[in-house]
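What follows draws every value from the coordinates through simple rules; no lab data is involved. As the structure is a computational prediction, the values presented were derived from the model and not from experiment. Backbone-built Cβ (ideal geometry, glycine too); neighbour counts: all protein chains shown.
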Amino acid sequence: MDNYQSLGLPGLCFKNDGTIPRKKLHLLHVDESAITQGSGADIVITSPQGKDMKFVTRFDFKASNNEAKYEALVIGMRMTHEVGAQHLVAYSDSQLIVKQINGIYEAKKDNTVQYLQQIEELKIKFESSLLVQIPREENVKADCLSKLASTMEDCQTRRITI
């Protein structure tokens, strides 16, 4: 197990052959909420030192549930790159989104294809990136604040320190 690093969830590791220094690995948890009052996302970036940066955003457009999931991931990847991440492991509780991005499921809708193109463009900004689907119950880092963001009238983007 010397060459394996935990990804912060029980039983979830990746093999690190020494090419990814732990001090350069950032974790990203994203979640969305799309309800009749609006759509929003919560983004939690965990630094290599284990410090969480939490962001809430409310979309200024009506988004479907899947669009909100893609928006959350795109925004999260941009923010993670902006904080200087070189290696990224992103978590989402959406099986559909993760499998579309990882090429297991085909994307058919034009807007989905556009999101996939954006994500591919973002992925090349990192030396390495991995997207992992996790159960909704394990995505608690990002779940609660996204629901709050979708109901807040005056929220565009806020940093929340907890």
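Mind pulling up the Rg/Rh value for region 46-118? Radius of gyration and Kirkwood radius, both on Cα. Please report the intermediate quantities before stating the final value.
On the way: Rg = 13.3 Å, Rh = 13.6 Å.
Taking Rh as the inverse mean 1/r over Cα pairs, Rg/Rh reads 0.98.
Please give the peptides 41-54, 70-83 ranked by average Cβ packing (other Cβ atoms within 10 Å per residue), highest first, as a rough proxy for protection. Don't jump to the answer; show the numbers that get you there.
On the way: 41-54: 17.9, 70-83: 20.5.
Ranked by mean Cβ neighbours within 10 Å, highest first: 70-83, 41-54.
Could you check the simple spin-label distance between Gln95 and Leu116, using points 7 Å along Cα→Cβ, in nm with one decimal?
Reported label-point gap for Gln95 and Leu116 is 1.9 nm.
Report the FRET efficiency, 1/(1 + (r/R0)^6), for Glu127 and Tyr105, where r is their Cβ-Cβ distance and R0 is 22 Å, rounded to 0.05. List each step's numbers first, then the result.
Working: r = 26 Å, r/R0 = 1.19.
Plugging the Cβ-Cβ distance into 1/(1 + (r/R0)^6) gives 0.25.
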